[in-house]
Amino acid sequence: MPIIQWSPQQLQQGLQANNQLVRLDVRQADEFAYAHIDGSLHIPLAQLPVRYQELDAEQEIVVICHHGIRSQQACSFLQQAGFSRLYNLRGGIDAWSVVCDPSVPRY
């Protein structure tokens, strides 16, 4: 089953409609420290295989990285682990900064 791709606008609408929407950021610690969406859970992609149990497979999860590549990999991993309510943020945090929240620094 293909992973659903969300635009930054769809994420923004989703956050406005659903406070339970999990924002999973899979970038490295230095990237996350520099720029992130408030309320995001940080689990670097390399740690996901040993930390994915921290997530609730019943919740909707939007996965975020810099441009959408690592988050797509994370979505694929989570899907294989039994998660089904997954969305990949197309364009990543960079697109979020450009389209929705210019206060988030770009790099």
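Readers should treat all values here as calculations from the given coordinates under stated rules, not as data from a laboratory. Because the structure is predicted, anything quoted here is derived from the model rather than measured. Here Cβ is always computed from backbone atoms with ideal geometry, including for glycine, and neighbour counts include all displayed protein chains.
Let me check I've understood the local charge: for Val63, count other residues with C-beta under 12 angstrom from its C-beta, Lys and Arg +1, Asp and Glu -1. What total comes out?
+3
So for Tyr107, Tyr87, Tyr34, Tyr52, fewest C-beta neighbours within 10 Å to most, what's the order?
Tyr107, Tyr34, Tyr52, Tyr87
How much of the DSSP beta bridge set in the chain is antiparallel, as a percent to the nearest 5? The partial results should precede the final answer.
Numbers: 0 of 12 bridges.
The answer is about 0 percent antiparallel.
Gaussian network model of the chain, Cα springs within a sub-10 Å range: biggest mean-square fluctuation belongs to which of Ala35, Ala17, Ala81?
Between Ala35, Ala17, Ala81, it is Ala17 that shows the largest mean-square fluctuation.
Where Rh denotes the Kirkwood radius from the mean inverse Cα pair distance, what is Rg over Rh for the chain?
Using Cα coordinates only, the ratio equals 0.92.
Any idea which of Tyr52, Ala95, Pro105 is furthest toward the positive side of the dipole for the chain, if Lys and Arg beta-carbons carry +1 and Asp and Glu beta-carbons -1?
Ala95
Considering only the other residues whose Cβ falls under 9 Å of the Cβ of Ile93, what net charge follows from Lys and Arg at +1 and Asp and Glu at -1?
Around Ile93, the charge tally is -1.
Using only helices, what value at 222 nm comes out for the chain when you add -39,500 (n - 2.57) per DSSP H run of length 4 or more and divide by the total residues, to the nearest 500 deg cm²/dmol?
Helices in the chain give a 222 nm mean residue ellipticity of -10000 deg cm²/dmol.
I need Cys65, Cys100 ordered by Cβ neighbour count within 10 Å, fewest first.
Exposure proxy ranking, most exposed first: Cys100, Cys65.
Below 14 angstrom from the Cβ of Glu31, what's the summed charge of the other residues (Lys, Arg +1; Asp, Glu -1)? Don't skip to the end; give the middle numbers.
Numbers: positive: Arg27, Arg70, Arg106; negative: Asp25, Asp30, Asp94.
After counting each charged neighbour, the total is 0.
Counting other C-beta atoms within 10 Å, which of Val50, Val98, Val22 has the fewest, and how do the rest follow?
Val50, Val98, Val22
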